[in-house]
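All remarks here apply to the structure that follows.
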Amino acid sequence: MKHDSSLARRTLSARNKARKARPRGRDLQRRGAASFLVALDSDGTVFDSMRAKHERCFMPAFAAFFGSGAERGSLDALWRFVNLGSRLRGTNRYAALAAALRLGSRHPRLGSAMRRWEGTAQALEAWLAQESAPSKSRLELALVARRADRLLAAVLSWSRAVDEALAGLPPVPPFRGAVAALPRLAAGGELMVLTSAPAAAIVREWEEAGLAPYAERIVGQERGKKAACLAAAMAGRFEAERVLVVGDAPGDLEAARTVGARFFPILHGREEESWMSFSRDFLPGFLAGRPLVSPIADFLESLPQDPPWL
């Protein structure tokens, strides 16, 4: 991907700011004096990548592996609802696939074609119920050790195809508001990236955008559920009121609530507006320890629980 001049300028500026901000943050952490912890989701929160990844990588692979005989427009709408426009937005890819297969079997235009995958959906749900950190490597191990139903071989092939497509996806830009907020956050606190995507892909994106120096660590799906990873990062270092989670998905809100942290949502389709509100209204109050009002009701209202066909 050829970066346009404005993106190139933002990336160069981010790299320069990171060089200035991160040493101060690291010095604070060595003294144990980082005043707060911020856990940032990546896809859809810092980077404008959710739609591109799902429409150009996940969606075609879903159609190729599980959509034989299904009407493509409805199949795409199903995947788009689950992963972009519902309460499942941002969930682990295997949980999202299980949900799509289940919902597809109840879709008026897809049901007859998708019901053949009910056994796979059941086997996938069974594996997810016993797997605390679902990932491609964990599924490979489970299949080799025969701890997962052999029906999940198709799921593994699908996951590999997704990763191949993601590897060829051109870099996506970060949101301008996120780039502007990172130096302010890194100057006085500790930043971690907390994602349900594979860590290697997210590390690559942050490095390509020049934002990696801001993050003390990048924690991906391989490490388990977000709440557990967040609790481990907090242990013995940060009180809950000095921990902030910023994300675009209900899973981010759930992680924050589980550990008692603050939460600020980045609303789908209103990302730049959300970042502006964060920097102007929410962050100053958080830094000062004042009572905060987060637009959580608007966030949840924008992501329905049930699809329109049920």
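The values are calculated or read from the model by the stated rules, or taken from the named source; none is laboratory data. Source: prediction; values computed, not measured. Here Cβ is always computed from backbone atoms with ideal geometry, including for glycine, and neighbour counts include all displayed protein chains.
Kindly indicate which of Leu211, Leu194 is within 18 Å of Ala52 (Cβ to Cβ) and buried (at least 23 other Cβ atoms within 10 Å of the Cβ). So that I can check it myself, show each step before the final result.
Details: Leu194 fails: within 18 Å of Ala52 (Cβ to Cβ).
Step by step, each of Leu211, Leu194 is checked, and only Leu211 is within 18 Å of Ala52 (Cβ to Cβ) and buried (at least 23 other Cβ atoms within 10 Å of the Cβ).
Scan Asp149, Asp163 and give me the residue that is over 25 Å from Glu205 (Cβ atoms), modelled with pLDDT of 95 or more, surrounded by 15 or more Cβ atoms within 10 Å (Cβ to Cβ) and out of contact with any Ser or Thr (no Cβ under 6 Å at 6 or more places or on another chain).
Working: Asp163 fails: over 25 Å from Glu205 (Cβ atoms).
Of the residues listed, the single one that is over 25 Å from Glu205 (Cβ atoms), modelled with pLDDT of 95 or more, surrounded by 15 or more Cβ atoms within 10 Å (Cβ to Cβ) and out of contact with any Ser or Thr (no Cβ under 6 Å at 6 or more places or on another chain) is Asp149.
Under the condition of being among the basic types (Lys, Arg) and either over 14 Å from the mean Cα position of the chain (by Cα) or in a helix (DSSP H, G or I) (or both), which residue from segment 73-95 is farthest from Ser157 (Cα to Cα)? Even if it seems obvious, please write down each step before you answer.
Of segment 73-95, the ones among the basic types (Lys, Arg) are 80, 87, 89, 93.
If we keep only those that are either over 14 Å from the mean Cα position of the chain (by Cα) or in a helix (DSSP H, G or I) (or both) as well, we get 80, 93.
Values: Arg80: 21, Arg93: 13 Å.
Among those that are among the basic types (Lys, Arg) and either over 14 Å from the mean Cα position of the chain (by Cα) or in a helix (DSSP H, G or I) (or both), it is Arg80.
So which of Ala297, Ala209, Ala199, Ala261 ends up being under 21 Å from Arg89 (Cα atoms) and touching a residue at least 40 places away in the same chain (Cβ under 8 Å)? Before the answer, list the steps.
On the way: Ala297 fails: touching a residue at least 40 places away in the same chain (Cβ under 8 Å); Ala209 fails: under 21 Å from Arg89 (Cα atoms); Ala199 fails: touching a residue at least 40 places away in the same chain (Cβ under 8 Å).
Going through Ala297, Ala209, Ala199, Ala261 in turn, the sole match is Ala261.
Name the residues in segment 156-166 that are touching a residue at least 24 places away in the same chain (Cβ under 8 Å) and either of a type in the set (Gly, Ala, Ser) or farther than 14 Å from Pro60 by Cα (or both), would you? So that I can check it myself, show each step before the final result.
First, pick out the residues of segment 156-166 that are touching a residue at least 24 places away in the same chain (Cβ under 8 Å): 157-163, 165-166.
Listed by number, the residues that qualify are Ser157, Ser159, Ala161, Ala165.
Out of Ala186, Ala215, I need the residue that is modelled with pLDDT under 95, touching a Phe, Trp or Tyr at 6+ places or on another chain (Cβ under 7 Å) and farther than 23 Å from Ala96 by Cα. Which one?
Being modelled with pLDDT under 95, touching a Phe, Trp or Tyr at 6+ places or on another chain (Cβ under 7 Å) and farther than 23 Å from Ala96 by Cα holds for just one of Ala186, Ala215, which is Ala186.
Every residue in segment 199-214 that is under 22 Å from Arg280 (Cα atoms) and under 17 Å from the mean Cα position of the chain (by Cα), please. I'd like the intermediate steps shown before the answer.
At the first step, the residues of segment 199-214 found to be under 22 Å from Arg280 (Cα atoms) are 211, 214.
Within segment 199-214, Leu211 is the sole residue that qualifies.
Can you tell me which of (1) surrounded by fewer than 17 Cβ atoms within 10 Å (Cβ to Cβ); (2) under 18 Å from Lys53 (Cα atoms) is the one Leu88 doesn't meet?
All conditions are met except number (1).
Can you tell me which residues in segment 224-275 are assigned to a loop (DSSP other than H, G, I, E, B), within 16 Å of the chain's Cα centre (by Cα) and at negative phi? Before you say what the answer is, go through the steps one by one.
Initially, segment 224-275 is screened for residues assigned to a loop (DSSP other than H, G, I, E, B), giving 224-225, 235-239, 248-249, 260-261, 266-270.
Of the ones still in play, those that are also within 16 Å of the chain's Cα centre (by Cα) are 224-225, 248-249, 266-269.
If the condition is that a residue be assigned to a loop (DSSP other than H, G, I, E, B), within 16 Å of the chain's Cα centre (by Cα) and at negative phi, then Lys225, Asp248, Ala249, Ile266, Leu267, His268 are the ones that fit.
Of the residues Gly177, Gly220, Gly189, only one is small (Gly, Ala, Ser), closer than 23 Å to Ala256 by Cα and surrounded by 22 or more Cβ atoms within 10 Å (Cβ to Cβ); which?
Details: Gly177 fails: surrounded by 22 or more Cβ atoms within 10 Å (Cβ to Cβ); Gly220 fails: surrounded by 22 or more Cβ atoms within 10 Å (Cβ to Cβ).
Unique residue meeting the criteria: Gly189.
What number of residues within segment 52-81 satisfy the criterion of being surrounded by fewer than 17 Cβ atoms within 10 Å (Cβ to Cβ), touching a residue at least 40 places away in the same chain (Cβ under 8 Å) and of a type in the set (A, V, I, L, M, F, W, C)?
Of the residues in segment 52-81, 2 are surrounded by fewer than 17 Cβ atoms within 10 Å (Cβ to Cβ), touching a residue at least 40 places away in the same chain (Cβ under 8 Å) and of a type in the set (A, V, I, L, M, F, W, C).
Check Ala148, Ala142, Ala165, Ala154 and return the single one that is over 24 Å from Gly224 (Cβ atoms) and over 18 Å from the mean Cα position of the chain (by Cα). Talk me through it step by step, then tell me what you get.
Details: Ala148 fails: over 24 Å from Gly224 (Cβ atoms); Ala142 fails: over 24 Å from Gly224 (Cβ atoms); Ala165 fails: over 18 Å from the mean Cα position of the chain (by Cα).
The unique qualifying residue is Ala154.
Can you pull out every residue in segment 263-296 that is within 24 Å of Arg51 (Cβ to Cβ) and surrounded by fewer than 12 Cβ atoms within 10 Å (Cβ to Cβ)?
Gly269
Here are some residues: Ser137, Ser196, Ser157. Which one is closer than 30 Å to Arg280 by Cβ and polar (S, T, N, Q)?
Ser196
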